[in-house]
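See structure below.
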Amino acid sequence: MNRLSEMAASLALVVLCAMPAQAAERQILHGHVPRAVADRQLPATGRLPVATTLQLAIGLPWRNQADLTTFLKDIYTPGSPNFRKYLTPRQFTEKFGPTEQDYQTLLEFARANGLTVTGTSTNRKLLDLKVPVADIERVFHVTMRVYQHPTEARTFFAPDVEPSLDLAVPVLHISGLDSYIIPHRIKQNPVAAAEAPHGNGGAQGGSGSGGSFKAQDLRTAYVPGVTLTGIGQSVGLLEYAGYYTDLIQDYLAANGLPPYGVTVENWELDGASGNPDPSNPGAYGEVEVDIEMAIAMAPGLTSVIVYELPTPSSSQIAIPPDDALNLMAAQDLANQLSSSWEYQVTASTDEIFQELAAQGQSFFQASGDGGGRTGTNVYSPFDDAYITLVGGTELTTNPDGSYASEVVYHRPNPAQGNYFSYSGGGISPNYAIPWWQQGVSMSANGGSTTMRNMPDVAMVAYNVFAFYSETGTKSGGYNGTSVAAPLWAGFMALVNQQAAAEGLPSIGFANPVIYAIGKGSSYNSCFHDITSGNNENPLSPTAFTAVTGYDLCTGWGTPKGQALINAMCSTPGGLIYVQFGNSNPGNGTWASPFNTMARGVAGVPVSGAIMIKGPGSSTETMTISKPMIINAVGGAATIGH
């Protein structure tokens, strides 16, 4: 080879090495053009100014998705050797997260194309960017246009075609490219004095003003006699606003709870300031109520952790929840999480919910106050398969404050035009029926046997006492399923406190055990079954009606205190509560009824030492010489051999 040929070959090698490592055949992403644009061929009213800067999050897919799906079913299936053997964030990343090489390639792609990186994630799920529209159009091969929203009095922006990029690493989704769904709080409204109660807001309601339910009223109704308070547990809240801390203290004082007894910790993301936004007063009232409700049900919580994103104030703000949800997973500080906001769920969001479930974290989402929904009237985040959706009820109590009855939350409000407040429920057009929901009869409730049905559970959503700020400081009755969701998160803290005391792992994603109880013989001893009322509304005038058992208004219903706590903890692999009286099961005679707690799996022989708890507080250990079999789980059970 002559000198000229050598130089040419060397130059070619240098050029080849200098080429971006990510250069590859262009990949086209899907799910970024809103249906209103793609299906209705909505005409654009203009272009988004090229100087506008958007906050984006590029999401990479989990590796081994099929294995992850199998793993999630495995850890929530009683009898499995992996039952409730959750992963730590590090273990999850090692097993299912994108590879370090793929994440580094994505980072290099962003920098090579002049995109400003604002954040990375430890699980390598998301890469946060701030990008001018001009660069978005250049790098992702789209035109960012403005459209008139088909159902709301505002415009929104979106790409005119699905984005594509020249990158060999597969990309799952780019969040923040459209503002079709603006995150907003569930439409709550204060109780109007002239409203005739469907439940009980009167003399036999709660002890607050106008019969509103204060913290002790809620515990008396739903967890009577329960001494658990959530000690050692934390609740995490997804929020799109700051809040006034003094109102939380006012609520504690008005309810006779210790001031500063629960630490409220704030994490501000994507430019959130922690301060209330005066341009959107209803938003920070939401945060205050969420914090108060979690503490009301679990006043002994170690902390309430607020994951705050910026308050949406215009059609130009469309920050998805992914960064906050991903931080909830990365920190793994709270076993129970809650949201009272409507927001856009993307493919990335759904996968983050999977990680939460894999780590033993439960997520409670308010079902919305829009009533029954079918077809295109169902939208995110309500139908995701890895969250527990919480509907609403109207509660009636007895004169002594004990539970009397409930009906479906159903509050048409003609004074506010077309506004209505009904417990949200419906059939998902997006997600197939999950394995844990299969086997539920849908013949009477109008549900689907092929698609995910919702909600899963419910709690009171009418006339609940709160301190909140909207147009000035207010206190008194407050409405909405966003009251019910943090109450359920607080209830789960009680469950997980008991699990921890028994040396058990957290309950984790709640739906598998909730549906197992609902389909089992102990259902009526664990849940208040709501069989009266409906959530029919102008969008769905014939759907849905409360029926016996599961329905699409209140799910399985509301909790019956200690019975449900015991049943959720007393799953195979945990401590099994067994009741028996004078009997001779083969290794001795036990006198007088008492409860036995034995570790084991239903249908599998147990032997060795078991703990016996008598009618009082005394306990003793007895050795079983002959293997015995637990015949039932949850509530009363028998032991045979």
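The values are calculated or read from the model by the stated rules, or taken from the named source; none is laboratory data. Values in this document were obtained by computation on a predicted structure and should not be read as measured data. Heads up, the Cβs are rebuilt from the backbone with ideal geometry, glycines too, and the neighbour counts pull from every protein chain shown. What goes into the accessible areas is simple: the full protein's heavy atoms, side chains included, and nothing from ligands, DNA or RNA. Shrake-Rupley method; radii C 1.70, N 1.55, O 1.52, S 1.80 Å.
Computed over protein heavy atoms with a 1.4 Å probe, the carbon and sulfur contribution to the accessible area of segment 212-256 reaches 53%. Inter-part distance, segment 247-311 to segment 89-123, computed on C-alpha centroids, equals 32 Å. Protection proxy ranking of 290-296, 422-428, 439-445, by the mean of other Cβ atoms within 10 Å over each peptide's residues and highest first, is 422-428, 290-296, 439-445.
Testing the spin-label approximation: label points 7 Å from Cα along Cα→Cβ at LYS85 and THR69. State their distance in nm. Going by the 7 Å Cα→Cβ label model, 2.3 nm. Computed packing ranks the peptides 547-558, 216-227 as 547-558, 216-227, most packed first, by mean other Cβ atoms within 10 Å.
Relative protection proxy for 125-135, 389-399, from highest mean packing down: 389-399, 125-135 (other beta-carbon atoms within 10 angstrom). Enumerate by residue number the chymotrypsin sites (Phe, Trp or Tyr not before Pro) in segment 232-296 meeting two conditions: DSSP loop (anything except H, G, I, E, B), and at most 13 other Cβ atoms within 10 Å of the site's Cβ. Filter output for segment 232-296: TYR260. Among the listed pairs LYS73/LYS560; LYS214/LYS474; LYS85/LYS125; LYS73/LYS95, those with a Cα-Cα distance over 19 Å are LYS73/LYS560; LYS85/LYS125.
Take the Cβ atoms of THR227 and SER303, set R0 to 25 Å, and the FRET efficiency comes out at 0.75.
Just the number, please: carbon plus sulfur as a percent of the accessible area of segment 60-113, 1.4 Å probe, no ligands or DNA/RNA counted. With neighbouring chains kept in place, the figure for segment 60-113 is 47 percent.
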